[in-house]
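Reviewing the structure listed below.
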Amino acid sequence: MKTGTFFVRTWRILSVLGFLFALFNSYISYPGDVAVRFNELGQPIQTIDREVIFYVAVAIFLINNTLIKLVSRLFLRVPTANLPIPNLAVWSSHRSQLNEVFTNWFNALMAAINTVAALGLIVLSLLNRSDRSMQAIDYAWLLPLITAILIVVLVALPARLFMKPSADD
């Protein structure tokens, strides 16, 4: 197994486990009404029932993992000549490597979405704890981190496709 494949599979498994941990841990720690928007003073201005957050998170998780896995499997059936990729002439003789690149990318996309959802649940849980006096601004690092994760994953596929396949196929 190649290093990239191992990394992506490990990240995906850890992201699923992390999401499930964050989901149940945050559900237990949520109050009945979970504050989701705060004013400048850190006071809640909008709340959502904790069951709604739980079921929406589960739905996002199931839809994300099911649909992306389905698309990943369908990709393997697309004829090489019909793929809109750069360096098609070079990649056409290395279809197994191309399949591996796309499978890894789809798995990384699943892992990224799972990671983002888990981070969001954890931060929402921490913001709603009554024993802490943290404010929403304390979690300003979340948006740049999520943006960086998603950009890296989205840019990784085109960057890899512009590279030539390795000689060992």
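The values are calculated or read from the model by the stated rules, or taken from the named source; none is laboratory data. Keep in mind it's a predicted model, so treat the numbers as computed, not measured. Cβ placement follows ideal geometry from the backbone for every residue including glycine, while neighbour counts extend to all protein chains displayed. Please note that ligands, DNA and RNA were not included when accessible areas were found on the heavy atoms of the full protein model with its side chains. Shrake-Rupley method; radii C 1.70, N 1.55, O 1.52, S 1.80 Å.
Structure values in brief
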quantity	calculated
Förster radius 41 Å - calculated FRET efficiency between THR80 and SER29 (Cβ-Cβ, nearest 0.05)	0.25
Residue-normalised accessible area of segment 1-93, expressed per residue, 1.4 Å probe, Å²	66 Å²
DSSP loop trypsin sites (Lys or Arg not before Pro) with at most 15 other Cβ within 10 Å: longest gap in the chain	3-76
GNM flexibility winner over the chain from TRP105, TRP11, TRP141 (Cα, springs under 10 Å)	TRP141
Percent accessible area from carbon and sulfur atoms, the chain, protein chains only, probe 1.4 Å	69 percent
Inter-site label distance for GLN46 and ASN87 at 7 Å from Cα along Cβ, in nm	4.5 nm
Lys, Arg +1 and Asp, Glu -1 on Cβ, resulting dipole of segment 62-169 about Cα centre, debye, nearest 20	240 debye
Mean separation of Cα contacts under 8 Å (6+ apart) over length of the chain, as relative contact order %	34 percent
Segment 14-169 - convex hull of the alpha-carbon atoms, volume per residue in Å³	131 Å³
Segment 83-112 residues near the modelled VAL71 label - backbone nitrogen below 15 Å, point 7 Å along Cα→Cβ	84, 102-112
